[in-house]
Ligand code: GLN
């Protein structure tokens, strides 16, 4: 089937700080238009938004300074597709232990920040993620958060062997504790784009 005439989806990646260029590069491999977003007006005309990993306090503060906090909250309420990775997951949460800043409160999850402690600051592990199938996904965790509690409307997409949730979906929002943009595996971005295209 020809895709001519069908507008390519436009995905914005918050580019205040953190691993935004890696997300943009990976999304572009998947035939979507991906742009950095620094200003509120750049949210216009988008079909989806990525909040990358980085430093959640810095990203949160800069979002506020640039007038993005309320517009992004509003989009989340309207069911706009949003993917948050690592610091992005922290910012999407309703409650965060260890964050002295109001998160967006977009997803009914409580998250513990830098949850794995200093000894295991960063690690990689294979994750079974049924929504993307086999093989397992290589999870790159860098001072990662984990999900301490999730509300009824939240589907946990992946857990560590000890049962802790590290990926979740609520409506059109997806939160990942790890960094899929630092792997060469586009399956989770493709899963998110499926949501953007209106799939389940
Ligand atoms: N621990 C960081 C924070 O609280 C998140 C780390 C990351 O995004 N890799 O912002």
- Search region 95-108 for residues that are closer than 22 Å to residue 80 by Cβ and pair each with any residue that is within 14 Å of the ligand (Cβ to nearest atom) and assigned to a strand (DSSP E or B) when their beta-carbon atoms are under 7 Å apart and the residues are at least 6 apart or on different chains. 96/111; 103/93; 103/96; 107/93; 107/175
- Query: What is the number of the single condition among (1) within 15 Å of the ligand (Cβ to nearest atom); (2) surrounded by fewer than 20 Cβ atoms within 10 Å (Cβ to Cβ); (3) under 15 Å from the mean Cα position of the chain (by Cα); (4) over 18 Å from residue 21 (Cα atoms) that residue 92 does not meet?
  - Reply: (2)
- Note on the structure: Per the filter on region 9-25, residues away from the ligand (no atom under 16 Å from the Cβ), buried (at least 19 other Cβ atoms within 10 Å of the Cβ) and touching a residue at least 40 places away in the same chain (Cβ under 8 Å) are 11
- Item | Set 53, 98: member being buried (at least 24 other Cβ atoms within 10 Å of the Cβ) and within 16 Å of the ligand (Cβ to nearest atom) | 53
- Query: Quick check, is residue 168 at pLDDT 95 or above and touching a helix residue (DSSP H, G or I) at 6+ places or on another chain (Cβ under 6 Å)?
  - Reply: no
- Message: Please determine whether any residue of region 30-49 is within 16 Å of the ligand (Cβ to nearest atom) and part of a helix (DSSP H, G or I).
- Response: no
- Query: Can you spot a residue in region 75-84 that is more than 12 Å from the chain's Cα centre (by Cα), over 24 Å from residue 28 (Cα atoms) and either touching a residue at least 12 places away in the same chain (Cβ under 8 Å) or assigned to a strand (DSSP E or B) (or both)?
  - Reply: yes
- Please tell me if residue 155 is over 16 Å from the mean Cα position of the chain (by Cα) and more than 11 Å from the ligand (Cβ to nearest atom). no
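The values are calculated or read from the model by the stated rules, or taken from the named source; none is laboratory data. All figures in this text were calculated on a predicted structure; none of them were measured in a lab. Using ideal geometry, Cβ is built from the backbone for each residue, glycine included, and neighbour counts are taken over all protein chains shown.
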